[in-house]
1. List every residue whose amide H lies under 5 Å from the amide H of residue 8, counting only residues 5 or more places away in sequence or on a different chain, with H placed 1.01 Å from N in the peptide plane.
2. Could you give me the ³J(HN,Hα) list for segment 54-62, computed from phi with Karplus coefficients 6.51, -1.76, 1.60 and θ = phi - 60°, whole Hz, x at Gly and Pro?
3. Assuming a ≥ b ≥ c are the square roots of the Cα gyration tensor eigenvalues, decide whether segment 72-126 counts as rounded (a/c under 1.5), prolate (otherwise, with a/b larger than b/c) or oblate.
4. Taking the DSSP beta bridges in the chain as the whole, what percent of them are antiparallel, to the nearest 5?
5. What is the Cα coordinate range of segment 273-315 on the first, second and third principal axes, sorted by size from largest, in whole angstrom?
6. Do you know the relative contact order of segment 8-137, to the nearest whole percent, from alpha carbon pairs under 8 angstrom that are 6+ apart?
7. Determine by what factor the alpha-carbon radius of gyration of segment 14-149 differs from 2.2 N^0.38 Å, reporting the quotient.
8. Name the residue farthest towards the positive end of the dipole of the chain from the options 324, 123, 146, assuming +1 on Cβ of Lys and Arg, -1 on Cβ of Asp and Glu, about the Cα centre.
Amino acid sequence: MTEQTPSKVLITGANGFIGNSLMRHYKQQGVEVVGVDLRGDGAEIVEGDIGNPESIAELLEQCDVIIHTAALVSNALSDADMWRVNVQATAKLIAAAEKHQVRRFVQLSSIVAYGNAATGELSEDHPVHGDGGSYVLTKLASEHAVLAAHAKGNIEVVILRPGDVYGPGSRPWLILPLEAIHKGQFMLPEKGEGFFRPTYIDDLVRGILLAVECPEANGEIFNLSCQGYISSREFFSHHYSWLNKRGPMLVSTRLALIAATLATKLADLTGGVNEASVATVAQLSTKSWFSIEKAQRILGWAPQVSLKDGMAHSQQWANDQGLLKK
C-alpha cells in the first residue's frame, strides 16, 4: 500500500527529548508540524494542557496525525501525578482526537510494558506485566486507553515501544548519570550485568516517521530497539571515560536496593526527588531484550546508528553543555 504522508502533524511533549527531536526532523522534511507543551515558545510550540484537550481544539481540527510523546518519565514521582498525566490525559486526548476526526494517533509507550521480571527475547505478542512501579503501570494503562479508543473503529492507532533511548538531550541515560558520577553517587546493580538496549534518538525518530506513514501499521504495536543487548557496565563505561574516571561502581542488586531505599527516604525528608529509586534498580537489573522483526517486516525499519557513533555524538553534546566539567 502507498505511504500516507501527513498534511499536518501535532506533537505533544514538544519540548521534551523525543518530541523536540521529532519537531526538528519534520521541519527539515518540509512537513507542517505544530508542537504542544505546558510551555510554548511563541512560534512552533503552542502552550497547552493535554489534560484539557478542548483547549487545543483548533489544532486538533487542523491535524491529521498526533504523535503523543508527552509523559512523566520517572521512577520517583507520585502515583497520582503519574496516573493523571500518563493515563488520564492520554485517554482525554485520544477521545478529543476521535471527536475532531484526527486520522492517526501514534502513542509512544515503552519496553517497560513487558515488566522488569521478563527474561529473554521478547516480541510484541509477549504478555505485558505491571512489575516495576508507577511508570510501568501507567505505561500499560495508557496503552489500554489507546487500544480501547481504536476498538471503536473511528481512529487509527499505532503503539511504539522504544528501547533505552539515548543521545543528545537524554535525561535518564545521559544527564542524570553524568551528574551522579560527578558526585560519586552512581552505581550499577547486578554488578553491571543487567541488559541494556541502547537505541539512538535518530533511529527512534526514523521509526516514528515510518509508523506515521505506513498504512499497514494501523492497529499494531512495535518494538523499536537495538539488535540484542549490551551490559549496563559497557554502556555506562563511556560516561566514565568522558570524565577520565574509573568505573562504573558495580554492586550487588541487594546492596543497590538498600542504597536506593535509604536515598528515597532521605529525599522524602528533605523534599527532594531520588530518581535512583528501587524501580530504577529493578530496571537496570533486567535480563530481557527485544525482537524487532515485526518493525523490520512491516515498517522496513532497523537501527542504523552504531553505538560508537551514537556515543560520540552524545559526548560532543555533553561537552558543549558543560556536563563534562569538574
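Laboratory data are not the source of any read-out in this text; all were calculated from the coordinates shown. Because the structure is a prediction, the values reported are computed rather than measured. Cβ atoms come from the backbone with ideal geometry, glycine included; neighbour counts cover every protein chain shown.
1. Sorted by chain and number, the residues that satisfy this are 64, 65.
2. The phi angles translate into 5, 6, 10, 4, 4, 5, 4, 5, 7 Hz.
3. Oblate shape, in that a/c is at least 1.5 and b/c is the bigger or equal ratio.
4. 5
5. The principal-axis extents, from largest down, are 40, 27, 19 Å.
6. It comes to 23 percent, rounded to a whole number.
7. 1.09
8. Among 324, 123, 146, the one farthest towards the positive end of the dipole of the chain is 324.
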